[in-house]
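K.L.:
I'd like to ask some things about the structure below.
Bear in mind that the values in this text are calculations on the coordinates, not laboratory data. Small disclaimer: the values here were computed from a predicted structure and weren't measured. Backbone-built Cβ (ideal geometry, glycine too); neighbour counts: all protein chains shown.
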Amino acid sequence: MLFVWSYWKTIFTLPMNPSKEFHLSYSDKESLEREPRGESQQEVLRRAAKDLPIYTRTMSGAIRYCDRCQLVKPDRCHHCSVCDKCILKMDHHCPWVNNCVGFSNYKFFLLFLAYSLLYCIFIAATDLQYFIKFWTNGLPDTQAKFHIMFLFFAAAMFSVSLSSLFGYHCWLVSKNKSTLEVFRAPIFRHRTDKNGFSLGFSKNLRQVFGDEKKYWLLPVFSSLGDGCSFPTCLVNQDPEQASTPGGLNSTSKSENHLFPAKPLRDSQSHLLTDTQSWSEISAKAEKGKVGMSNPALTMENET
Ligand SMILES: [Zn+2]
Ligand SMILES: [Zn+2]
């Protein structure tokens, strides 16, 4: 039941797209079309992205912009050529579920891998004794004996491929990376950092599965955040990061800010509706004296 439920949720959960704050305004779109040169186009984009919680850049240090969707790409967001949309925290487009695996369904995808692996192991294990009897001529000579053999091979082969895929994704979760980020490390304002989003094992796990353990094994959405901005630890919170050659070398405790501006303890933030704008949230958080610190800005001020 859990296998079917998680498979269902992976297939039918719509991928999340960037909220309207990330779309260019009509006037910005117009001036972007007017500007012929790369640098003045960047100026328009920089202005549009001024209040957005964006800390990653392109290889050349430019604001990440999607021409197709005409929006400033949030961190970890990528344009899927199959869906023809920008997908929040895109992991990959999965043909097995005919859907994009991203922020909205990554937890379901992981559970789907786990439960299908358990299911295949269960089938292979219970079929094993009959499979042995098949080779020792212990089965009655009917058509059904070939079903035994086929079932065992199918279950065993899927067990092998699923266990490698599941193992790989467990490693990704533990490092807080997406499949795309393994191939191309995220580039932050100042430098590339392949572990830029890693907060340490326990926090990384909670980013995907949430704070409440009772939901971890159920395919119900419990990931933290809103998918548009992600906490990151570019300074020495994570011991792993201290040794990262790409990591920033700031050591002062006061600089240990967490991205994003949105407070982390707000675990309900994924329930954001379209009517709630980023600035409303920011204003609310500021009112509540929640830290809205922006390390990238801090660093810019320092330099
Ligand atoms: Zn796009
Ligand atoms: Zn897709």
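K.L.:
Can you find even one residue in the range 183-190 that is assigned to a helix (DSSP H, G or I) and more than 24 Å from T10 (Cβ to Cβ)?
P.N.:
Residues of the range 183-190 assigned to a helix (DSSP H, G or I): 183.
Applying the additional criterion that residues be more than 24 Å from T10 (Cβ to Cβ) yields none.
No: zero hits.
Yes/no per residue for (1) more than 18 Å from T179 (Cβ to Cβ); (2) of a type outside the set (S, T, N, Q):
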| position | (1), (2) |
| --- | --- |
| L24 | yes, yes |
| S31 | yes, no |
| R57 | yes, yes |
| C69 | yes, yes |
| C86 | no, yes |
| P95 | no, yes |
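K.L.:
Test of understanding: among C77, C100, C83, which residue is under 22 Å from T192 (Cβ atoms), among the hydrophobic types (A, V, I, L, M, F, W, C) and in contact with a strand residue (DSSP E or B) (Cβ under 8 Å, 6 or more places away or on another chain)? Even if it seems obvious, please write down each step before you answer.
P.N.:
Numbers: C100 fails: under 22 Å from T192 (Cβ atoms); C83 fails: under 22 Å from T192 (Cβ atoms).
Of the residues listed, the single one that is under 22 Å from T192 (Cβ atoms), among the hydrophobic types (A, V, I, L, M, F, W, C) and in contact with a strand residue (DSSP E or B) (Cβ under 8 Å, 6 or more places away or on another chain) is C77.
K.L.:
Tell me which residues, restricted to the range 20-52, are part of a loop (DSSP other than H, G, I, E, B) and touching a residue at least 40 places away in the same chain (Cβ under 8 Å). Step through it out loud before you land on a result.
P.N.:
Within the range 20-52, the first condition is being part of a loop (DSSP other than H, G, I, E, B), and the residues that meet it are 24-25, 35-37, 49-52.
Correct list: L24, D51, L52.
K.L.:
Restricting to the range 51-83, name every residue that is on the phi > 0 side of the Ramachandran plot and more than 13 Å from ligand 1 (Cβ to nearest atom). Step through it out loud before you land on a result.
P.N.:
Restricting attention to the range 51-83, the residues satisfying the condition of being on the phi > 0 side of the Ramachandran plot are 61, 70, 76.
Result: G61, R76.
K.L.:
A further question follows. Scan (1) within 16 Å of ligand 1 (Cβ to nearest atom); (2) farther than 30 Å from C170 by Cα; (3) out of contact with any Asp or Glu (no Cβ under 8 Å at 6 or more places or on another chain) for the single condition A48 breaks and write down its number.
P.N.:
Unmet condition: (3).
K.L.:
Which residue is nearest to ligand 2 (Cβ to nearest atom), if the candidates are limited to the range 64-79 and must be without any contact (Cβ under 8 Å) to a residue 40 or more places away in the chain and in a loop (DSSP other than H, G, I, E, B)? Let's see the steps before the verdict.
P.N.:
Initially, the range 64-79 is screened for residues without any contact (Cβ under 8 Å) to a residue 40 or more places away in the chain, giving 64-68, 79.
Those still in the list that are in a loop (DSSP other than H, G, I, E, B) too: 64, 67-68.
Numbers: R64: 18, D67: 17, R68: 13 Å.
Within the range 64-79, the match that is nearest to ligand 2 (Cβ to nearest atom) is R68.
K.L.:
Name every residue in the range 131-149 that is outside any loop (DSSP other than H, G, I, E, B) and charged (D, E, K, R), in order of residue number. Give the steps one after another, and end with the answer.
P.N.:
Step one: of the range 131-149, the residues outside any loop (DSSP other than H, G, I, E, B) are 131-135, 144-149.
Listed by number, the residues that qualify are K133, K145.
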